[in-house]
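J.: Starting off with a structure, shown below.
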Amino acid sequence: MNDMRIVERDVQQNDVKIAAKGVQVYYGDNHAIKDVDVEIEDKTVTAFIGPSGCGKSTFLRCINRMNDTIDVCRVVGDIHIDGEDIYDPKVDPVQLRAKVGMVFQKPNPFPKSIYDNVAYGPRIHGLAKNKAELDELVEKSLRRGAIWDEVKDRLDAPGTGLSGGQQQRLCIARAVATEPEVLLMDEPCSALDPIATAQVEELIDELRQSYSVVIVTHSMQQAARVSQKTAFFHLGNLVEYGETGQIFTNPNDPRTESYITGRIG
Amino acid sequence: MTDASLNSPDNARAPRSLTQEDARTKKRNASERRFRAYGIAAICTGLFFLLALLAAILSAGLPAFRQAVVEVPFTLTQEQHDEAEEAMLKTAIYTNYFITSLSNTMQAEGVQIKFDEDAVERLLGKVGGDLRSHFRDNPDQIGEEIEFELAASSRVDRYLKGTFTREDLQGGNRFFMPEDFDLIDAMKEAGLIKQVFNWNFITGVDTGVDNPGGAGIGASVLGSFFMMLVVLVLSLPIGVAASIYLEEFAPKNRFTDFIEINIANLAAVPSIVFGILGLAVFIQFAHLPQSAPLVGGLVLTLMTLPTIIISTRASLKAVPPSIRDAALGVGASKMQAVFHHVLPLAAPGILTGTIIGLAQALGETAPLLLIGMVGFVARYPDTFLEGFLEPNSAVPAQIYNWAARSDAVFTEKAWGGIIVLLLFLVTMNTIAVILRRRFERRW
Ligand SMILES: Nc1ncnc2c1ncn2[C@@H]1O[C@H](COP(=O)(O)OP(=O)(O)OP(=O)(O)O)[C@@H](O)[C@H]1O
Ligand SMILES: [Mg+2]
């Protein structure tokens, strides 16, 4: 994979935003995440790569405690965000999820109007004082989701009536509308065409100015293009984590090398 | 390359024509045609039975909605009025006025017949009393000619419909004498008898055996209405709250499994069991009034709850989990996710289930027999509250009651009651279908 273009990056050290230590996840008897330690930095795009079923989504869902909704799922270990243990019993997962937004692997717009899809988060969190402010926020979010031009004339149309790729961008707009500090994106571009993908990547790069973004992707090129850090998962283990440039050009672990050169996965 | 062998010459097949059915396709198509024929036959059988049933019900029940009336032009002068009001037997005088008027009218039409006030009373009821109260309520009509309309007795009705003939009458009794046939024929010849819509059947109350023609289903419709009100007000909130809790919030463990199995079992419990339970708990233990729609409603609530819970849970389950994830993902609480997103999507299903549960409860008879809602109810409740507490009947119980009486007129009323009940059920089910169509959403 020598044709891969790796952007020039500043190797400056950012603060740690998310620190995971000894994280184990079990689905019943299935040990899906095995003892993962990782430190995700603020103002950084971190890419999770790895073969299908290796636990990328599972680990991502640990960060905003979406796994709480799965009855059989059990999470062991510590995950700290800004130094606070998010699995502390005092932590309200609802507050956590307002701070840690998520875009799901499958687009899941609400069966409501496009406007209401985006406005829902700000409404329940009281982010807009009046209608004008809300309108502005909706427009800004739709623009950041790279979908404004396509839907600006039909904000009242149902969000479920959009194409798959448009739905996914609507979901991205919905996630950024609540102004999260961390944005978790589970394969956000798997249903997008190259133009929309480029727009979303641009958005991710923009979000990096203020947020910490974690993106799961199956596209090596995408990981290389957008991320500064890359984590490679394999069979529930975090095999290698480091600078994206170093992972793609000079991986330490033979499994990483064979995955990025297309031999396993 | 494992598929190399497929390309070997001995496996090569002759090119097949697409226009010719091969043996396998023929067989498959034949079985498909057979299956379709079975399906059509099944539907036709079902339709046939449905039509037969409808025809039977309509032919037997529609006469209950028609009523023969006798219309006689009548004038009461002021002197006649004063004279009658001063007499001892006031209504008898009014009856005489009426008889005079009736024979004059028939004579004018060229019909000659002699009859007495007993015959008039047998055929048209207590005419004198009716006339007197009419003029008491409308004193301004004194001196004017009015068309006075009197409902004919049920035997007149049946004679005109042909279900009661001269041969059926043996000797005669206080309800009917052989010469009454002649009077009916005479009035008919004079063009005084009309068939009108029997509003009394809709609005009236039950009557005793001596006046089967006057019996109406109104009071029991009201009884059913009050019961349905109780059922709706209790079972919808309780059922929906229970289902939301069980489906969205309750941990999945042995205990909730146990509850789930029991709810499913409850739905299969025969209704008479709920009747006995209601008798024991609500009447004998809690001392609620017997035969009251409130108690009937409580019993039917017990019966309807499992239906509502099961259908509500099914419609909650049908909402894709990704919607819940989406709501939780933007930081909605579980309750917000349920009330803002899941419940609206499940609402059509919940409403449909509720209406179907109510329709079931509306048609239920067995539990009502046990709590005494089959009594003879000859009056309407006076106030809204009394509607819940006064003894009353319900439409199916009233039908049961009429069907058990010997008089053929009551049997006809029972069939008429069935039509009323079916109309209610069809209306409710239509509303359920419309709601489902109207609010159904795809995702
Ligand atoms: N809800 C669940 N219940 C039980 N097991 C699950 C559940 N979700 C995931 N798993 C299991 O956890 C493991 C990791 O799944 P996960 O979805 O995290 O994989 P992934 O890396 O995201 O794969 P993909 O790239 O295909 O999305 C798999 O073995 C999967 O079977
Ligand atoms: Mg995944």
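J.: Would you confirm whether or not region B:258-281 contains a residue that is out of contact with any Lys or Arg (no Cβ under 7 Å at 6 or more places or on another chain) and within 14 Å of another protein chain (Cβ to nearest Cβ)?
T.: No: region B:258-281 contains no residue that is out of contact with any Lys or Arg (no Cβ under 7 Å at 6 or more places or on another chain) and within 14 Å of another protein chain (Cβ to nearest Cβ).
J.: Still on this structure: Just checking, does region B:319-338 include any residue being among the aliphatic types (A, V, I, L, M), surrounded by 21 or more Cβ atoms within 10 Å (Cβ to Cβ) and more than 14 Å from chain A (Cβ to nearest Cβ)?
T.: No - not one qualifying residue is present in region B:319-338.
J.: Based on what the data block shows, is residue A:35 among the charged types (D, E, K, R), part of a strand (DSSP E or B) and either near ligand 1 (Cβ under 8 Å from one of its atoms) or surrounded by fewer than 16 Cβ atoms within 10 Å (Cβ to Cβ) (or both)?
T.: yes
J.: Considering A:205, A:193, A:186, A:153, which residue is among the charged types (D, E, K, R) and buried (at least 19 other Cβ atoms within 10 Å of the Cβ)?
T.: Result: A:186 is the single residue among A:205, A:193, A:186, A:153 that is among the charged types (D, E, K, R) and buried (at least 19 other Cβ atoms within 10 Å of the Cβ).
J.: Shifting gears a bit: Which residues, counting only those in region B:174-217, are hydroxyl-bearing (Ser, Thr, Tyr) and assigned to a loop (DSSP other than H, G, I, E, B)?
T.: B:207 - this is the single residue of region B:174-217 that is hydroxyl-bearing (Ser, Thr, Tyr) and assigned to a loop (DSSP other than H, G, I, E, B).
J.: Could you tell me whether any residue of region A:66-84 is closer than 30 Å to residue A:258 by Cα, touching a residue at least 24 places away in the same chain (Cβ under 8 Å), of a type outside the set (A, V, I, L, M) and within 15 Å of ligand 2 (Cβ to nearest atom)?
T.: No, region A:66-84 contains no residue that is closer than 30 Å to residue A:258 by Cα, touching a residue at least 24 places away in the same chain (Cβ under 8 Å), of a type outside the set (A, V, I, L, M) and within 15 Å of ligand 2 (Cβ to nearest atom).
J.: Go through region A:236-254 and give me each residue that's under 24 Å from the mean Cα position of the chain (by Cα) and charged (D, E, K, R).
T.: A:240, A:243
J.: Let me ask you something else. Step by step: first the residues of region B:206-215, then only those that are out of contact with any Ser or Thr (no Cβ under 6 Å at 6 or more places or on another chain) and over 22 Å from residue B:364 (Cβ atoms), then the one that is surrounded by the most Cβ atoms within 10 Å (Cβ to Cβ). Which residue is that?
T.: Of everything passing the filter in region B:206-215, B:207 is surrounded by the most Cβ atoms within 10 Å (Cβ to Cβ).
J.: Among the residues in region A:59-68, are any buried (at least 18 other Cβ atoms within 10 Å of the Cβ), part of a helix (DSSP H, G or I) and more than 16 Å from ligand 1 (Cβ to nearest atom)?
T.: No, the conditions are met nowhere in region A:59-68.
J.: Sticking with this one: From A:89, A:122, A:93, A:109, which residue is more than 21 Å from residue A:211 (Cβ to Cβ), within 12 Å of chain B (Cβ to nearest Cβ) and not polar (S, T, N, Q)?
T.: A:109
J.: Here are B:135, B:181, B:148, B:197: which of them is under 30 Å from residue B:395 (Cβ atoms) and not assigned by TED's automatic domain parsing to the domain that holds residue B:393?
T.: So the residue among B:135, B:181, B:148, B:197 that is under 30 Å from residue B:395 (Cβ atoms) and not assigned by TED's automatic domain parsing to the domain that holds residue B:393 is B:197.
J.: Something else: Return the residues of region A:192-229 that are among the β-branched types (Val, Ile, Thr) and either at positive phi or outside any helix (DSSP H, G or I) (or both); say none if nothing qualifies.
T.: A:213, A:214, A:215, A:216, A:217 - these are the residues of region A:192-229 that are among the β-branched types (Val, Ile, Thr) and either at positive phi or outside any helix (DSSP H, G or I) (or both).
J.: Can you tell which of A:248, A:232 is part of a strand (DSSP E or B) and either at pLDDT 95 or above or farther than 20 Å from residue A:200 by Cβ (or both)?
T.: Answer to the selection: A:232.
J.: Out of region A:193-234, which residues are within 16 Å of ligand 1 (Cβ to nearest atom) and without any contact (Cβ under 8 Å) to a residue 40 or more places away in the chain?
T.: A:219
The values are calculated or read from the model by the stated rules, or taken from the named source; none is laboratory data. On a predicted model such as this, the values are computed, not experimentally measured, just so you know. Quick reminder, even Gly has a Cβ in these numbers, built from the backbone with ideal geometry, and neighbours come from all protein chains shown.
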